[in-house]
Amino acid sequence: MELIWQGVIEGFRLIFSLDPEVLRVTGLTLQVSGTATLIAVIVGIPLGTWLGVSRFRGRGTLVTMVNVGMGLPPVVAGLLVSILLWRNGPLGVLRLLYTPSAMVIAQGLIASPLVIGLTRSAVESLDPSIREQLRSLGASRGQMLWAMLNECRIGLLAAVIAGFGGVISEVGASAMVGGNITGHTRVLTTAIMLEVSKGNFGLAIALSTVLLTLAYVATALLTNLQQKGTRR
Amino acid sequence: MSGIELVRLADVRVVRDRQTILDIPALTIAPGELLTVIGANGAGKSTLLRVLALVLAPTAGQVFFDGVRANPGSTDDASLLALRRRVTMVFQSPVLLARTVRDNVAAGLQFRKLPRTEVEAQVDYWLDRLGIAELANRRPLGLSGGETQRVALARALVLKPDLLLLDEPTANLDAPTRARLLGDLRGILAEVAASAVLVTHEVREAPYFADRMIVMGGGRIRQQGRPDVVIDNPADRETASFLGFDNILPATLLEPAAYLGAELADKSFCIRPEDVAAAPLAALPAAARDGSIRFAATVARIAPWGPAFRVSGPLERAPSVIMSGTAPAAVVRDGLVREGAGIAFEFNPAAGAFVGQS
């Protein structure tokens, strides 16, 4: 108990003393997970919307695949990206393995199904007649889709929150494709793993405190945005 | 607007799950014409409106708007959008957007990219015209049914459509609210001079609006004509029963059979219970009034019906036929009409109509 308490205090000391190593690791964590979430949003919201409004053969299978993807274990995502980026792999020439870019790709792979799946369910939860009603008010196809996304913005923000929460907390993929290289690909989760394996529980708890604070602040910001949207 | 037709449907069919839910060989709506469509649930009324609104592509057939072919799915998107912007439909359950009432009413004008000042002016006018100006900054959640309907009407009317389609705009409203909204609507329709199609299952509302009334059943047009004429002259038994002619009797029961010169084979005679007097046998003179017909019956059921009572029971001469009539509250209260007792149903056949079987 004493150990945890000491670690938490140390964590806040690290945050407020602006320790350069912690700042760098935290910065990279935000950068990698933020970029991955952004990519997942750019890819996932249009795809999720399309899945939500279209009817075609094989749609059910696709939806199931996305739903399975929502539970994709980070280690598996890491393995897939490793195979792709391996020196002799199909994308090996890009020499991306053990770089932050590789981590962004792996995390993007983890976050995208979450964003796609939750966007689809948000769009499908709208009143089925809303499309015809918007059409009848003179909306073009683009205007109709935009208005529909605006209607389910709360669900879309939930998708973003889930995507970000999924990647900022994962360690398997980051460790596998990033390699946890000091000053290059070390992020909070991989740093925590390393410290634990070295027996530095105090520092691990401190870094965990930083991670939790970061996750809390980011999620609180998004939630705040979301709750503004609930005022109907 | 050109010519005498605003919209024309030709051989339009809508098939869903291998069932034909709409089958309209021909229907034309003239500019400025007010049409009312009645029919039971599942008669195809809403489907017809959605085809007219150019939001539902018929499985087969052609839709012409102002002489131009306007089939969703085959007419190109830009032309279709331009035509669709001349029609608007108020849905039976309007989905208001999760923004203020004012922004809801402005939505359609914003889709048309009108200048802001014009949007503001138009929105203000219609909010005021429909008596919902004080709701302008409210959000849809928490609006009453009547308020929601008014917002939905305002956001349609603000678009100044050439064709306004109203799908049971007064359903789900209580009687006074309905009457008030209907009154407003009549005035507004006269003011905007648009063509309008009103779908309703309130038969009594229909004649208020329309130049023409269409009765639908099973996806087809069963009958059409002037509302006051249609309402009293159903074309078939199904329409008759929908129009409130609850008494449908084999015509051969009526004697002499020469009534109205009708050829009675395979025909039925129908009459509304309101037009049939149910009176205790003792209270009646020996013979029916001039021109009237009287049937003896046994009372099987008595139920309140407005200020009076509806009395039903099998006829003595044809016990398989159950007839309904209206008895004043006083005779029921005095026990002169009671279940199991004898009664006379008396009516003037001129108040009813002869209909065919189908």
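No value in this document is a laboratory result; all are computed from the given coordinates. The shown structure was predicted, so the numbers you read here are calculated from the model rather than taken from an experiment. FYI the Cβ positions are ideal-geometry reconstructions off the backbone, even for glycines, and counts take in every protein chain you see.
Odds and ends about this structure:
- When the square roots of the Cα gyration tensor eigenvalues are ordered a ≥ b ≥ c, the ratio a/c for chain A is 1.5 or more and a/b does not exceed b/c, which makes its shape oblate.
- Our summary gives the stretch B:31-105 a relative contact order of 20 percent, counting only alpha carbon pairs under 8 angstrom and 6 or more residues apart.
- Three-way shape label, the stretch B:137-178, alpha-carbon gyration tensor, a/c 1.5: oblate
- Separation between Cα centres of the stretch B:280-305 and the stretch B:232-253, rounded to whole Å: 20 Å
- For chain A, the relative contact order is 32 percent, taking Cα pairs closer than 8 Å that sit 6 or more residues apart in sequence and dividing their mean separation by the residue count.
- Nearest-ten-degree value, helix A:20-53 long axis tilted from longest Cα axis of chain A: 20 degrees
- Think of it as helices only: each DSSP H run of n ≥ 4 in chain A is worth -39500 (n - 2.57), and spread over all residues that comes to -25500 deg cm²/dmol at 222 nm.
- The calculated FRET efficiency for B:ASP77 paired with B:ASN172, based on their beta-carbon distance and R0 = 45 Å, is about 0.85.
- For the options B:LEU22, B:LEU284, B:LEU182, a Gaussian network treatment of chain B with springs between C-alpha atoms closer than 10 Å singles out B:LEU284 as fluctuating the most.
- Cα centroid separation - the stretch B:184-223 against the stretch B:137-159, whole Å: 21 Å
- Mean ellipticity per residue at 222 nm, deg cm²/dmol - from DSSP H runs of n ≥ 4 across chain B, formula -39500 (n - 2.57): -7500 deg cm²/dmol
- Mean separation of Cα contacts under 8 Å (6+ apart) over length of chain B, as relative contact order %: 16 percent
- As a proxy for reagent exposure, ranking A:ILE116, A:ILE130 by other Cβ atoms within 10 Å from fewest up yields A:ILE130, A:ILE116.
- Alpha-carbon Debye profile of the protein assembly as shown, log10 I(q)/I(0) at 0.11 Å⁻¹: -1.05
- Rg/Rg_ref, the stretch B:282-358, where Rg_ref = 2.2 N^0.38 Å and atoms are Cα: 1.14
- Using every pair of separate Cα atoms, the Kirkwood estimate puts the hydrodynamic radius of chain B at 23.0 angstrom.
- Over all projection directions, the Cα-based convex hull of the stretch A:70-158 averages an area of 7.7 nm².
- Ranked list, fewest to most other Cβ atoms within 10 Å of each Cβ, for A:SER169, A:SER208, B:SER74: B:SER74, A:SER169, A:SER208
- Rounded to 10°, Cα long-axis angle of helix A:59-69 versus longest principal axis of chain A: 20 degrees
- When only alpha carbons are used to place a centre, the stretch B:66-103 and the stretch B:326-343 end up 55 Å from one another.
- With neighbour counts taken as other beta-carbon atoms within 10 Å, the residues B:ASP275, A:ASP127 rank, fewest first, as A:ASP127, B:ASP275.
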